[in-house]
Amino acid sequence: MSTQRRAGTDPPGITAAVLLGAAGAAVAALAGAALTTALPTGAGIALLVWTVNALATRITAPAPPPPRAAAPAPAGDTGRWLARATAAADRLAAHRAAEPQLADAAAYARTAAEQLRRRARAVAVLDASAGTADSRELRRDQHRLEKEAAALPPGALKSAKESSAAATAERAAARERLDELRDVLLATLESTTLRLEAAAERGSIIVSLRAAGDAALEGRLDLTPLGAELAAVQAGLDKLEEITHDLLGEG
C-alpha cells in the first residue's frame, strides 16, 4: 500500500473533523435542538473543519519544481538539410572499407557537411537579429508617414514626418535585402546538400560494381562522376561563403 497522502486527506485532519462535528451535534442536541437539526449542524462543522485543514495543508505543502526548459531545436529551415548532408557524408565514410579509393572523397564529404553546418548558422543569426521587424509592415508605416507628411503645411511637424518616412524606408529596404539573402542562403544550402547526396550515391554505385567482381567492369570504374559531384559541392560551399560575407556587409 502506498504511504503517499494527498493534501487535505490525512488521517489527523479527518479525525479532527469527525470529532468536532460530533461535538457540535451533541452541543446542539443538549441545547434542545431536534435530531434533524443537530445532525446537519454537526455535519456542517465537520465539513468546515475538513475544508480548513485541506486548505492549510495545500498552502503549506512544498511547491513542485518548475518544469525543465526544453533544449532549443534546430531551425526548421536548416535542420532537415543539415541532417541529410550528415547522412550523405556518413554513407560515403561507410564505403571506405569496401573501396579505399573513396577515402579522400569521404574525408572531403565530412568536411563539407561541417562547413554547411557553420554556414547555416547565419540563418539563425538573421532570424534572431530581425526581431519583430517585417518589411511589409515597415513599408506600410513608410507610406502612412509619407501621406501624413504630404497633408501637412510646411513646418517642423511636416519635416519630422518626412524624416520618419525616410528612416522607415531605409529600414524596409535593409530588411528586404536581408530576407533576399536568407532565401538565397537556404536555396544554396539545399542544392549543396542534394549534390552531396548525389556524391554518396555515386560512391554506392562504385562499391556495388566493385562487389560484383566483374572483370570486364573492373577496368572501367571511373571516379570522374563522383569528382564532378564533389566539385559541385565545393561550388555550393563557395557560394555560401559569399552570401555570408554579403550578410556581414549588410549587417
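The values are calculated or read from the model by the stated rules, or taken from the named source; none is laboratory data. If you're wondering where the values come from, they're calculated on a predicted model, not measured in any experiment. When we count neighbours, we look across all protein chains shown, and the Cβ atoms used for this are built from the backbone with ideal geometry, even at glycine.
Data for the structure
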item	result
Residue match in the range 172-182 (condition: of a type in the set (A, V, I, L, M, F, W, C) and in a loop (DSSP other than H, G, I, E, B))	no
Residue match in the range 80-91 (condition: in contact (Cβ under 8 Å) with a residue 40 or more places away in the chain and within 15 Å of residue 182 (Cβ to Cβ))	yes
Tabulated pairs, the range 147-159, first part of a helix (DSSP H, G or I), second acidic (Asp, Glu), C-beta under 6 angstrom, 6+ apart or interchain	149/162
Every residue from the range 165-206 that is of a type in the set (D, E, K, R) and farther than 25 Å from residue 81 by Cβ	170, 171
Out of 223, 196, 209, sole residue that is modelled with pLDDT under 90, in contact with an Asp or Glu (Cβ under 9 Å, 6 or more places away or on another chain) and either within 19 Å of residue 96 (Cα to Cα) or of a type outside the set (Phe, Trp, Tyr) (or both)	209
Only listed residue being assigned to a helix (DSSP H, G or I), in the same structural domain as residue 238 (by TED's automatic domain parsing) and within 24 Å of residue 228 (Cβ to Cβ), chosen from 92, 126	92
Failed item, numbered, when residue 114 is tested on (1) assigned by TED's automatic domain parsing to the domain that holds residue 85; (2) charged (D, E, K, R); (3) in contact (Cβ under 8 Å) with a residue 24 or more places away in the chain	(3)
Residue satisfying condition, being more than 21 Å from residue 222 (Cβ to Cβ), in contact with a Leu (Cβ under 6 Å, 6 or more places away or on another chain) and assigned to a helix (DSSP H, G or I), within set 119, 84, 140, 110	119
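Let's see how each residue does on (1) under 34 Å from the mean Cα position of the chain (by Cα); (2) within 20 Å of residue 234 (Cβ to Cβ):
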| site | (1), (2) |
| --- | --- |
| 115 | yes, yes |
| 119 | yes, yes |
| 122 | yes, yes |
| 125 | yes, no |
| 133 | yes, no |
| 145 | no, no |
| 161 | no, no |
| 171 | yes, no |
| 181 | yes, no |
